[in-house]
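Encoded as structure tokens, the structure appears first; notes follow it.
The values are calculated or read from the model by the stated rules, or taken from the named source; none is laboratory data. Quantities reported herein were computed from a predicted structural model and do not represent experimental measurements. FYI the Cβ positions are ideal-geometry reconstructions off the backbone, even for glycines, and counts take in every protein chain you see. Keep in mind that these areas ignore ligands, DNA and RNA; they rest on the heavy atoms of the full protein, side chains included. Shrake-Rupley method; radii C 1.70, N 1.55, O 1.52, S 1.80 Å.
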Amino acid sequence: MNLHTGAGRTIEAGRGRLGAGADAEVRSALSGLGAIYVSTWPQRLALGSAAGLTGAFLHLLTGEQLGGHFTYLTFYPGVAIAALFGGLIPGAAATLVSVLATHLWFTPLTRFDQVVGLAVFVVSSLAVSGAAEWTHRAWMRLGLAERALRQSEAQIRYFVENAPISIAMLDRAMTYVAVSRRWIDAYGLGRSDLLGWSHYSIHPDIPERWRAIHRQVLKGEFHSDDDDFWVDAEGRDHWVRWASYPWIDAAGEIGGLIIAAEEIAAQKLAEAALRESEEKFRNAFAEAAIGFVMARAGDTIVDANAAFCRLTGYSIGELRSMRLVDLVHPDDRPENLVLAAKLRSGEIPGYVIENRYLRKDGEAIWVRKSLSLTREAGGERRWVVNLVEDVTERRRSEETAQRTVALLTAVLDGAKDAIISIDASGVVRLINATGLKMFARRREEVVGKNLRLLIPDGDARLHDSDGASDLPGVDRIVGVGRETEGRRKGGALFPIDLAVVEVVVDHDRMFVGFVRDFSERRRIEGRIDQLASQRLTAMGGMAGALAHELNQPLAAIGVYLETVRRMLARPPDERPARVEDALGLAIEQVMRMGDIINHLRDFVAHGEPDKTHQSLHALVREICSAEFPEGKRFRGAVALSLDAQNDDVLVDKIQIGQVLSNLLRNAREALPDSSTAQLTVSTSQAGADMVRCNVSDNGPGLADEVKEFLFEPLTSTKATGMGIGLSISKSIIEAHYGRIWAESDQRAGTTFSFTLPLATAEIEE
Ligand code: ADP
């Protein structure tokens, strides 16, 4: 720094001007000359006074002879000495002391010539003192300037030799006077020192234009070039930045020139590389097929490439007035804003997101964005860099694929058959909902496992072949309608019908199996066979029942008609009773037969219930006494426990009667004909609006095979049973808005229960 300041001053001095520190140097030069010249005020006054008093002393020595015009003669030497060593001030002081001494001690001013003498003395003394002062100053300045020039030359040398740049000081003959270390390294051509060498002899290849410039500089001009090129004698390229200017020697003349040069090849190369890479990057950015957009950290768009403009439909000008978030579909903005805030706060380094953009034309497109935050080299400014790719097509095909998969899954799940896809090694890849239900398994228990888990001989079936297929997409029919067995969870085997097709998907052989559960069909087939054989028996049973029911009224009718015939054979006055009465009784029986037939028909095909107010308890008692008449063969006990407080129901008496007699008959048939048999009918309140009736027996309980389908038609365990009683009972109870169910236990027996709405509740409704 000091060096630099010194250099600055030196160079200015070299151009012929004194620098800002000149006054200080004058002072220091004066103090250097202090041996003959007094410079401080007290010294000056003391010198002046002493010189004046010396004059007075001389005056005393010479006596009073020097009067008149020569009164002041002895004072001149003192004034002259004071002026010589002190300049104007001591000279003036000596003059004053001389005047005072003359007039106070020697000659009072009494005559005119004495006054003239005084005036001449004062004026001449001051003139001599002023001249001495001026001479001193001029002389000193001269000495100072020479000294300054000498100093400046030395400083220039010092600066040149120690400068951390390539710099050389040459004299007018272009011989090196001082050179920096860097200069020697760069242009010394291997020499360790250059002092005394001629610049042109070391570099004879220096171009003429530079020699011309040197000549101009030696005339006092300043030259420089920031970007010059030179090929040296050995053919090496030099990119140089240089400056050249004169320096001033101790004589104040241009002593030579200074050349400062800097090789800028490396910098040039770096700049070119940077330019090239910037250009490459800019081209890549501009031409990229993928959208590229940069925004300030505040989200305002700064730049975007052509692909991004095409993607959004906005021009670059329009984009620059927008924020990134303005392009995002309103529904997707909240998610974007949350992520952008995290990015800006540095919580995440970047993120990738798929969302919708709204194009300028209003169309929504799907884009995949990769955002990151970059920082300007060394700066605080940050940019959000966003790479944007249009993925609308991909999203569309994905959505279509998803929809297709969902649709296919729904179709597959809705199929009545189990559908299982298997790979070539027999491993299950897919199974539909029906399949899972059929095999009583969860998906994860099946997928990835061998088909053998579900179909013990399924594997073997894959090698069967029914030949090539005509179906599109199906390569081979492996097996159609093969009956085999499936295995449910727990190991239960069940009959299935298995059809397999072979397909090739993406070069992979796959098999698709269609499985139909045959167990239900088998059961129904069994039932149909059973029914077919039972139908005759059942019809016989029904005919018997009909005959039994109708026999009694028919017999009664026969008796009444026989009585009428006999009565008619007698004269009217001999008849024991009136013919009309006997006919009336016969008609009653005919009506009863009609009722029986009607009820029977209703039992089979019940119509809309004909509801009337009934006491459920009365109905239970009536049916019980009809089913268990006094004296009829049933050795067990029948108990009634009719506890419901309200038994007022609005029902079709005949239909509910049928339900009751069906339940009672089933219970009686389930019970052994022994004294331990116990049959109970009970009623109770079921909530506020319903009454419940239970028919319980202590029989063997429900057989396993009927439990599941108890209330379905054709379910029976009895040799002559039709299996329709419970199904009819269920439809009757449901037609009355009630519910019927069974609870069974092998030890406790079976309880059938049904509920019916109370009449009060129905009326309120
Ligand atoms: P059916 O009496 O003609 O067989 P149902 O529909 O009345 O027809 O009864 C169906 C089956 O329900 C009967 O075959 C019998 O196996 C079973 N079942 C009904 N009631 C009882 C009961 N109280 N105890 C045991 N099993 C019963």
**OP:** Would you mind calculating the gained length between Ala46 and Lys268 on full extension (0.36 nm times residue separation, minus the Cα-Cα distance), in nm to one decimal?
**Re:** 72.8 nm
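Taking every pair of distinct Cα atoms and averaging 1/r, then inverting, what Kirkwood hydrodynamic radius in Å comes out for segment 615-747?
On the way: mean 1/r = 0.0643 Å⁻¹.
For segment 615-747, inverting the mean 1/r across all distinct Cα pairs yields 15.6 Å.
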Original post:
Got a number for carbon plus sulfur as a percent of segment 616-720's accessible area, 1.4 Å probe?
Top reply: 48
Original post:
How big is the antiparallel share of DSSP beta bridges in segment 620-761, given as a percent to the nearest 5?
Top reply: 80
Subject >> Surface per residue (accessible, 1.4 Å probe) for segment 171-321, Å² >> reply: 53
Subject >> Accessible carbon and sulfur surface of segment 201-242 relative to its total accessible area, %, 1.4 Å >> reply: 52
Original post:
What percent do you get for the relative contact order of segment 649-757 when only Cα pairs under 8 Å and 6+ apart count?
Top reply: 30
Subject >> 20 Å cut-off, amide nitrogen to a point 7 angstrom out along Val427 Cα→Cβ, residues in segment 479-514 >> reply: 502-513
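So with the 1.4 Å probe, I'd like the accessible area per residue for segment 632-765, rounded to whole Å². Don't skip to the end; give the middle numbers.
Numbers: 6590 Å² over 134 residues.
Roughly 49 Å² per residue, with all protein chains present.
If packing is taken as the average number of other Cβ atoms within 10 Å across a peptide's residues, how do 304-316, 434-446 rank, most packed first?
Top of the packing list down: 304-316, 434-446.
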Subject >> Most to least packed among 576-582, 735-741 [average Cβ atoms within 10 Å] >> reply: 735-741, 576-582
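With the cut-off at 22 Å, tell me which of the pairs Lys653/Lys707; Lys611/Lys707; Lys489/Lys718; Lys449/Lys707; Lys280/Lys342; Lys437/Lys489 have Cα atoms farther apart than that.
Working: Lys653/Lys707 28 Å; Lys611/Lys707 31 Å; Lys489/Lys718 31 Å; Lys449/Lys707 33 Å; Lys280/Lys342 32 Å; Lys437/Lys489 10 Å.
Over 22 Å apart, Cα to Cα: Lys653/Lys707; Lys611/Lys707; Lys489/Lys718; Lys449/Lys707; Lys280/Lys342.
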